[in-house]
1. If you take mean projected area of the Cα convex hull in nm² from the coordinates, which of [x] 25.9; [y] 17.0; [z] 19.4 do you get?
2. Just to confirm my numbers, what's the Cα centroid distance between segment 239-288 and segment 341-355 in Å?
3. Most exposed first by the Cβ proxy, i.e. fewest other Cβ within 10 Å, how do Met294, Met222 rank?
4. Loop only per DSSP, at most 13 neighbouring Cβ atoms within 10 Å: give me the GluC sites (Glu not before Pro) in segment 33-122, ordered by residue number.
5. Taking only the alpha-carbon atoms of segment 185-298, what semi-axes of the equivalent ellipsoid follow from 5 times the gyration tensor eigenvalues under a square root, in whole Å, largest first?
6. Is the C-alpha gyration tensor of segment 128-207 telling us rounded, prolate or oblate? Criteria: a/c under 1.5 is rounded; beyond that, a/b larger than b/c is prolate, otherwise oblate.
7. Which trypsin sites (Lys or Arg not before Pro) in segment 128-234 sit in a loop by DSSP (not H, G, I, E or B) and have at most 14 other Cβ atoms within 10 Å of their own Cβ?
8. For segment 249-256, just list the computed ³J(HN,Hα) in residue order, Karplus coefficients 6.51, -1.76 and 1.60, θ = phi - 60°, integers in Hz, with x standing in for Gly and Pro.
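Rule-based calculations on the coordinates, nothing more; no lab input. These figures come from a predicted structure and were not determined experimentally. We place every Cβ from the backbone using ideal geometry, glycine too, and count neighbours over all the protein chains shown.
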Amino acid sequence: MSYRIPFNKPALIGPELNYIADSVRSGHISGDGKYTKQCHQQLEIWFGVKKALLTTNCTHALEISAILLNLQPGDEVIIPSFTFVSTVNAFVLRGAKPVFADIRPDTLNLDETLLPGLINEHTKAIVPVHYAGVGCNMDVIMSLAQQHNLRVIEDNAHGLFGKYNGQWLGTFGALATQSFHETKNFSCGEGGALLINDEGLVERAEIIREKGTNRSRFFRGMVDKYTWVDIGSSYLPSDVLAAYLYAQFEAYESIQSKRASIWNRYREHLGEWAEQHNVQLPVVPDNCEQAYHMFYLLLPSLETRTRLINHLKERGILAVFHYLPLHLSDMGRQLGGQPGDCPVTEDLSDRLLRLPFFYDLSEADQMEVIHALWSFEED
């Protein structure tokens with residue numbers, strides 16, 4: 001079924017197609033070409049990280065992170081149950097056991113107050129996910145990590161340009177991962193990046209990303225030939241994709257401004273409706289600057305959400321739910337997950353609904369979504 005107002009729609013912001021053509025004409029459209037290097041440089045300038053590396057997707061950035069941790073069977077990694085499957089898969093692939101943490105009922109981020117009870121002698125890392133581009137409580141998470149000598153890997157797929165206490169999301173942990181999937185603020189269809197804040201991890205990350213070879217050192221003239229030196233895989237995106245992404249990077253102010261307007265319009269026009277219908281709108285703590293990644297509703301019940309999805313569908317509007325609890329999935333249960341382990345996740349997952357949110361969403365179409373929500377009480 002096609003929808004008059006989709007949930008998401010990829011956008012052409014500026015010279016994406018011109019840059020793609022330029023990349024093709026350059027004769028280098030494989031990985032680490034001109035536009036890939038420009039994307040690396042831009043990310044490093046924006047966020048002050050030691051190194052940024054584009055990857056084929058955020059999943060692969062997470063996989064590189066997991067390899068860098070040198071995980072062994074029996075090691076444990078703390079991960080929120082309310083996240084995308086890639087967050088946990090990357091570590092399970094290395095033999096680690098995921099320890100699923102519940103989320104806060106306000107921000108839907110990992111509940112930092114539960115961490116002391118989840119950390120033990122087998123714990124190797126904590127993976128906070130900045131849900132909807134709103135920062136986790138990184139003060140507590142980083143303090144506990146330092147106290148127990150743990151690595152922190154930020155899954156910042158939602159949070160590019162978000163801040164916590166004035167500091168960029170993605171710059172707290174030793175590593176952070178980004179997504180440039182078509183549903184994200186900045187997109188090249190499929191893409192990701194690894195942000196490296198620990199300088200001691202840079203060289204090995206480059207090796208892992210280049211199929212386990214020291215090819216990057218060779219191209220910098222540091223060795224006279226390259227060879228296989230470590231485990232790894234092919235995690236480089238095509239420079240064609242980087243060309244598309246770089247054009248969006250150039251328009252970052254316009255993109256973030258437009259998304260902020262969309263988010264604020266939803267908040268302004270749905271505040272009273274939400275109060276009347278016992279609906280929770282997104283919570284952004286005062287010490288957080290959000291990334292304007294999504295706008296969601298927490299409805300009173302699963303039954304209400306189902307009726308509202310159908311109500312909007314009848315009007316040609318696509319609204320969608322989000323993550324299912326990972327600890328209750330088939331694989332999660334095989335790894336020890338049980339009902340009741342993460343009660344907040346189990347409750348909110350059934351009630352969350354994401355509204356259409358994309359760069360080209362016109363004010364008229366957004367108001368149509370808002371009016372459709374207001375008319376819901378009449379059904």
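1. From the options [x] 25.9; [y] 17.0; [z] 19.4, the structure gives [z].
2. Centre-to-centre (Cα) distance: 21 Å.
3. Least to most surrounded, the residues fall as Met222, Met294.
4. Hits after loop and neighbour filter: Glu121.
5. 43, 16, 12
6. Note, shape of segment 128-207 comes out oblate.
7. Those that pass, being in a loop and sparsely packed, are Arg220, Lys225.
8. My calculation for segment 249-256 gives 4, 4, 9, 4, 5, 5, 5, 5 Hz in order.
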